[in-house]
Structures are given as C-alpha cells and as structure tokens.
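Asks: Dumping the structure here so I can ask a few things about it.
Please treat every number below as a calculation from the coordinates, not as lab data. All values reported here derive from a predicted model rather than from experimental measurement. Cβ placement follows ideal geometry from the backbone for every residue including glycine, while neighbour counts extend to all protein chains displayed.
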Amino acid sequence: MTDDEVMHRISAIVDEEHGLHAHAAAGHPLSAEDQARLHELEVGLDRCWDLLRQRRARRRVGLDPDEATARDPNVVEHYLQ
C-alpha cells in the first residue's frame, strides 16, 4: 500500500467514524453493532497511522517503505503514549 493509499484509507475511516458520531449526536443512540463498528474503525485508524509512520521512517533512513507492514491490532493498541 502506498502512502497515498494509506491516506485514502484513513480518510475513508474518518468519514465513516464521523458519520456514526453524527448519528449519535442527532439523538439516535448507537446500537451494539454500531458501537462495535466504531471500535473496529478506531483500531483500523490506529493501524493505518502506524503503517504510515513506519513507511515514512523507513524512507527517512533509506529503506524501502514498501517493506513496512500493518501490525497486529494487539500490538498497535498497546503502545505506550
């Protein structure tokens, strides 16, 4: 996946996430399915940002950014901030 493709995926996730939040803000409680989807989107967004950071870091040190891979959600979700 190229940087542009990752950014496109990030944009699509954010759009869907905003749609769910807007639905809830309009007074419609999120169903259990919607809440689960929101969680999936948040994890997917974290994974995309992590992949993009990996690609940029590899490029910065002269390595092939195409060798970066999406990390397991359990790894990405347990990074220390």
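Asks: Describe numerically, in nm with one decimal, the distance between label points set 7 Å from Cα along Cα→Cβ at E40 and at D15.
Replies: Between E40 and D15, the label points sit 1.8 nm apart.
Asks: Where is the GNM fluctuation largest for the chain (alpha-carbon springs, 10 angstrom cutoff): V43, V61, V14?
Replies: Among V43, V61, V14, the largest mean-square fluctuation in the Gaussian network model of the chain belongs to V61.
Asks: Given Cβ point charges of +1 (Lys, Arg) and -1 (Asp, Glu) and nothing else, what value in debye, to the nearest 20, does the dipole of the range 3-76 about its Cα centre take? Walk me through the numbers on the way to the answer.
Replies: Details: 10 positive and 16 negative charges, 84 e Å.
Its charge dipole is roughly 400 debye.
Asks: Taking only C-alpha pairs under 8 Å that are 6+ residues apart, what is the relative contact order of the range 3-76 in percent?
Replies: RCO, the range 3-76: 31 percent.
Asks: Additional query: Which angle from 0 to 90°, rounded to the nearest 10, does the C-alpha axis of helix 3-25 make with the longest principal axis of the chain?
Replies: Helix 3-25 sits at roughly 20 degrees to that axis.
Asks: Put +1 on the Cβ of each Lys and Arg and -1 on the Cβ of each Asp and Glu in the range 3-76; which of I13, A32, N74 then has its Cα farthest toward the positive end of the dipole?
Replies: N74
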